[in-house]
Each structure stands twice: as C-alpha cells, then as structure tokens.
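Data first, discussion second: the structure below is written as structure tokens.
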Amino acid sequence: MNLIHTLLAFLLALGPLIIFHELGHYVVARLCGVKVLRFSIGMGRIVWSRRFGPDQTEWAISALPIGGYVKMLDARDPSTAPTNDADLPREFTRQNVWKRIAIVAAGPIANFILAIVVMGALFMHGKEEPGTRLRAMPEASAVYKAGVRGGDVVTAVNGKPVLSWTELRWEIVRAAIDKHAAELTLRGPNPNSAPYRAVLSADRMANLDVDSDVLGALGMQLWRPRPSVDKVLPDGAAARAGLRQGDLVTSIDGKTIADGIAFIEAVRGAAGKTLQVGVQRGTDNLVLPLTPDRDPQSGRGLVKLMIAQAPEMVTVKAGPVDALAKGAQRTWETSAMTVKMIAKMIVGEVSLKNVTGPITIADVAGQTARSGLEPFLEFIAFISISLGVMNLLPIPVLDGGHLLYYSLEVLTGRPLPARIGEIAQRAGVGLLFMLMALAVFNDLVRLL
C-alpha cells in the first residue's frame with residue numbers, strides 16, 4: 001500500500017509541474033504567432049490524443065511519464081516543416097531571436113511562477129513550524145563556545161529575521177555554502193530579555209558538511225518541553241515502576257533531566273539496569289526504581305511509555321502582498337542556492353551524491369504526502385524550482401542550451417551554424433544520460 005501511495009504522490013507532484021512547464025512554452029508560442037502542432041504529456045509512443053482549436057493542435061498523452069514536449073512548426077525537422085506557403089510566417093525559426101528566447105524561456109519561468117504562487121498561498125494560509133528556541137547544547141559545541149545557551153531563541157542570522165527552524169537552517173546552510181561567518185541574534189527564554197549576538201566564524205562555517213545535519217554539527221537542536229508522562233502502556237517497565245500519566249520526570253540517578261529526549265537517551269542506554277527516577281507528582285516528590293527491559297532487536301532499554309517531546313511551534317503567516325513577496329524571495333533564494341550547489345559539485349567542493357533522481361523524488365513525495373497537504377505543497381514548490389533551474393542549465397537539448405544558442409545569435413548577429421548545433425546536441429544528450437545514470441545510482445545507494 002505504501003508503494004501505491006508513493007507512486008500516486010510522485011505522479012501528483014511531477015505531473016502538474018510538467019504540464020505547467022509545457023503550457024508556458026505553448027502559451028507564449030501562440031502569443032508569438034507560432035503554430036503548435038502537438039502538446040504531449042510524456043514521451044515516446046502516443047497512447048491517447050485529440051485535436052482541438054483552429055490549428056487542430058494535437059493534445060496527447062504518451063507512454064513514458066518522464067516529461068513532455070510542445071512540437072511547433074519547425075523547418076529544421078522534415079516531420080514538422082511547413083507544407084504550404086500560408087504557414088511560413090508561423091514557422092518557429094522565422095521568428096526574430098527575441099520571440100524564440102521568450103518561447104524557450106517560458107517553460108522554466110512558468111515553473112518559477114508556480115512555485116511563487118504555491119509558496120505565497122502557504123504563507124497566506126499560515127504554516128505551523130517548529131520555532132527557533134534552542135535545546136541545551138554540549139559545552140564543546142561551536143554555539144556554546146560562541147556564548148549561546150539552552151532555552152535561548154534565535155531571532156536573526158546575519159541580520160535576516162528567522163521565525164521558524166526551517167528558516168534558521170536555511171540561513172545557516174546559505175552561510176556555509178558562501179563560507180561566510182554566521183552572526184546570530186538571540187534573546188533569552190523570557191520574551192522581554194535583551195537581545196545579544198553570537199558569531200560563528202567563517203572558518204567554522206566553511207568546514208561544515210552541507211550534506212549532513214548542519215545545525216546539529218554546530219550544537220543546535222530543537223528545544224523540547226520538560227519530560228512529563230503522556231501515557232503509560234500496560235505490562236511495561238514504566239508501569240511496573242509505578243509511573244503515571246501526568247508525572248514530571250525531574251532526574252535520573254540524581255542527574256537533572258531537562259527534556260523528553262534526555263530521558264529517552266538515558267533509558268536506551270540502561271537495559272537491565274535499575275535507574276532511580278526522580279518524579280514530581282502534584283506537590284509530591286518521589287523516587288521510583290525503573291529497570292528498562294532489553295529490546296530483543298536493538299538491545300536498547302525499553303520502558304513502554306509516551307513522554308512529551310513535541311517542540312515549540314510557531315505560525316508563519318503573511319497578508320496577500322507580503323505572502324507573494326515572501327514566495328518570490330524564497331523562490332529566488334532556493335534557485336540561487338541550487339545554482340551554487342551545482343557549481344560547487346562541478347569544482348568538487350560538494351559531493352556528487354547530492355544529485356538525486358526519480359526514486360528519491362518519489363520517496364520524498366510519498367513521505368511529505370503522508371505528513372499532510374502543507375508539506376506536500378511545499379515539496380511541489382521546491383521540485384518546481386528545481387525543474388526550472390535544471391532546464392536553464394546551458395546543456396544542449398535543455399531549454400538553457402537553446403537559450404545559449406540564441407544569446408550567441410544576439411551577440412554575433414547570426415544563427416549558430418547547423419553543424420555545430422548538431423554536435424552540441426549529441427554532446428548534450430550524452431551528458432544528460434550521464435547525469436541520469438548518476439542520479440539513479442545515488443538513488444539506489446540510498447535505497448540499499
């Protein structure tokens with residue numbers, strides 16, 4: 001059943017993005033007076049088609065769900081070349097170079113517009129996300145050495161306000177990619193606390209592995225509430241010890257337990273050992289002997305209770321104009337970061353394992369769909385941006401390759417020679433297959 005959900009989520013995420021991309025090409029081609037012969041969702045053999053409109057454009061669904069295309073009247077291909085003189089003015093290559101640039105660029109631009117609208121709608125609706133309050137960190141961590149303490153709230157990074165954990169991670173990753181220092185603005189646990197600053201040096205940021213948990217590497221973890229017992233399951237170590245719903249765990253073997261994560265870590269490492277658990281129950285302070293069972297699979301301690309560990313949540317919301325502005329800003333920042341990551345992969349500063357393919361996309365699509373509509377829509381916006389950026393790469397056969405040709409035509413005043421175009425197309429196909437093979441290989445490594 002999970003496989004079916006994953007496949008459906010994958011198709012629901014990628015299908016509309018492909019349609020929107022190709023509609024961008026189609027709409028601008030029609031506005032520029034170019035005749036469109038076919039609009040296809042998918043590649044390869046056509047399995048269904050119908051003709052509509054004054055030009056009898058063929059709207060088709062093809063067998064391979066790996067993309068789509070818009071086939072225009074084009075003299076370079078015998079199958080699409082004009083068959084009568086009346087159609088010559090509507091042939092693609094007869095249009096001036098600026099119209100051709102507009103038609104080719106319209107697909108990626110449509111993806112960016114879709115991302116802006118989706119993100120804007122999410123900001124208008126309001127997104128519930130973990131806040132930026134920090135859990136107590138190890139004394140050896142970078143943030144502790146910079147002067148940050150547990151319970152404090154990060155309000156800005158390098159002068160840019162951050163409201164949620166996602167925004168905090170985003171700004172830290174961006175500083176790491178740019179190899180810039182990260183200046184954190186924070187306040188204490190009390191909302192009226194005076195703000196202060198802590199600086200993570202450029203050298204420390206440059207040494208971060210952006211493929212991993214960058215916040216965890218610096219010592220930043222989400223703040224968690226005090227460890228109160230939500231539910232005690234029957235026939236478990238917690239029930240035998242006398243723990244009850246509503247109990248507040250204060251210590252284990254005399255050591256203060258700050259939150260639910262600390263309690264879980266202490267229990268997992270104590271299979272078969274008796275722990276003296278300090279508990280506050282109403283006005284009473286008790287010490288209960290707790291002996292965790294050993295999990296037969298992992299060997300870890302198991303006590304069978306549910307303990308509070310949900311992070312502090314905030315609502316990130318904006319009005320219509322601000323929401324669209326935030327959506328546009330997030331789209332621009334995501335695009336810029338994607339380009340930087342690609343550049344760093346080319347020069348070897350970032351691992352090629354970041355190249356992902358359809359298996360990983362499908363897996364993440366399934367996970368976000370199961371998490372709810374908001375995470376799924378946010379994922380769709382991110383993939384839409386990725387499609388836009390990837391299609392703008394200057395690789396022949398992609399939109400970016402064609403835009404490169406037309407840019408050279410603008411500079412030189414004449415089209416690229418056909419022979420050079422053919423060689424570039426073949427090279428582009430080879431490069432694209434290599435990238436696809438790498439992506440599938442990385443997907444399989446992650447899967448296995």
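The values are calculated or read from the model by the stated rules, or taken from the named source; none is laboratory data. Quick caveat: nothing in here was measured; it's all calculated off a predicted structure. Please note: Cβ atoms are built from the backbone with ideal geometry, for glycine as well, and neighbour counts cover all protein chains shown.
Here are a few things to note about the model shown:
- Tally, over the stretch 320-349, of residues that are exposed (fewer than 14 other Cβ atoms within 10 Å of the Cβ) and polar (S, T, N, Q): 1
- Note on the stretch 283-314: among residues that are out of contact with any Gly (no Cβ under 8 Å at 6 or more places or on another chain) and without any contact (Cβ under 8 Å) to a residue 60 or more places away in the chain, the one that is surrounded by the fewest Cβ atoms within 10 Å (Cβ to Cβ) is Thr283.
- Filtered by the rule that a residue be surrounded by 13 or more Cβ atoms within 10 Å (Cβ to Cβ) and either part of a strand (DSSP E or B) or acidic (Asp, Glu) (or both), the stretch 200-238 gives Leu200, Leu222, Ser228, Val229, Asp230, Val232.
- Residue check for Ala13: within 18 Å of Ile361 (Cα to Cα), surrounded by 15 or more Cβ atoms within 10 Å (Cβ to Cβ), small (Gly, Ala, Ser) and touching a residue at least 60 places away in the same chain (Cβ under 8 Å): yes
- For Leu393: the one exception among (1) farther than 20 Å from Met337 by Cβ; (2) of a type in the set (A, V, I, L, M, F, W, C); (3) surrounded by 15 or more Cβ atoms within 10 Å (Cβ to Cβ): (1)
- None of Ser40, Ser49 is under 30 Å from Glu378 (Cα atoms) and either more than 25 Å from the chain's Cα centre (by Cα) or outside any strand (DSSP E or B) (or both) except Ser40.
- Subset of the stretch 164-198 (residues that are β-branched (Val, Ile, Thr) and more than 23 Å from the chain's Cα centre (by Cα)): Thr185
- For Val27, the requirement of being in a helix (DSSP H, G or I), more than 25 Å from Thr368 (Cα to Cα) and at pLDDT 90 or above is met.
- Here Val173 qualifies as surrounded by fewer than 19 Cβ atoms within 10 Å (Cβ to Cβ), among the β-branched types (Val, Ile, Thr) and in contact (Cβ under 8 Å) with a residue 60 or more places away in the chain.
- When the stretch 257-292 is filtered for residues that are closer than 17 Å to Arg226 by Cβ, out of contact with any Ser or Thr (no Cβ under 7 Å at 6 or more places or on another chain) and either polar (S, T, N, Q) or part of a loop (DSSP other than H, G, I, E, B) (or both), the ones remaining, listed by number, are Ala258, Asp259, Gly282, Thr283, Asn285.
One line per residue, one yes/no per condition, for (1) within 22 Å of Thr315 (Cβ to Cβ); (2) crowded, with 20+ Cβ neighbours inside 10 Å:
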site	(1), (2)
Asn111	no, yes
Ala115	yes, yes
His125	yes, no
Ser141	no, no
Gly147	no, no
Gly150	no, no
Val162	yes, yes
Trp165	yes, yes
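- Complete set of residues in the stretch 100-148 that are polar (S, T, N, Q) and within 30 Å of Tyr196 (Cα to Cα): Thr132, Ser141
- Selection over the stretch 151-177 of residues that are over 18 Å from Asp213 (Cβ atoms) and not charged (D, E, K, R) gives a count of 8.
- Flag if Gly348 is free of Cβ contacts under 8 Å to residues at least 12 places away in the same chain and either part of a loop (DSSP other than H, G, I, E, B) or under 30 Å from Ile252 (Cβ atoms) (or both): yes
- Scanning the stretch 65-82 for residues that are free of Cβ contacts under 8 Å to residues at least 12 places away in the same chain and of a type in the set (Asp, Glu) yields a count of 1.
- Residues satisfying the stated conditions in the stretch 402-448, i.e. without any contact (Cβ under 8 Å) to a residue 60 or more places away in the chain, under 26 Å from Leu3 (Cβ atoms) and touching a helix residue (DSSP H, G or I) at 6+ places or on another chain (Cβ under 7 Å): none
- Residues (among the β-branched types (Val, Ile, Thr), out of contact with any Ser or Thr (no Cβ under 9 Å at 6 or more places or on another chain) and farther than 30 Å from Leu432 by Cα) located in the stretch 316-360: Val321
- Top-ranked residue in the stretch 253-281 [being in contact (Cβ under 8 Å) with a residue 12 or more places away in the chain and more than 18 Å from Ala239 (Cα to Cα); ranked as nearest to the chain's Cα centre (by Cα)]: Ile261
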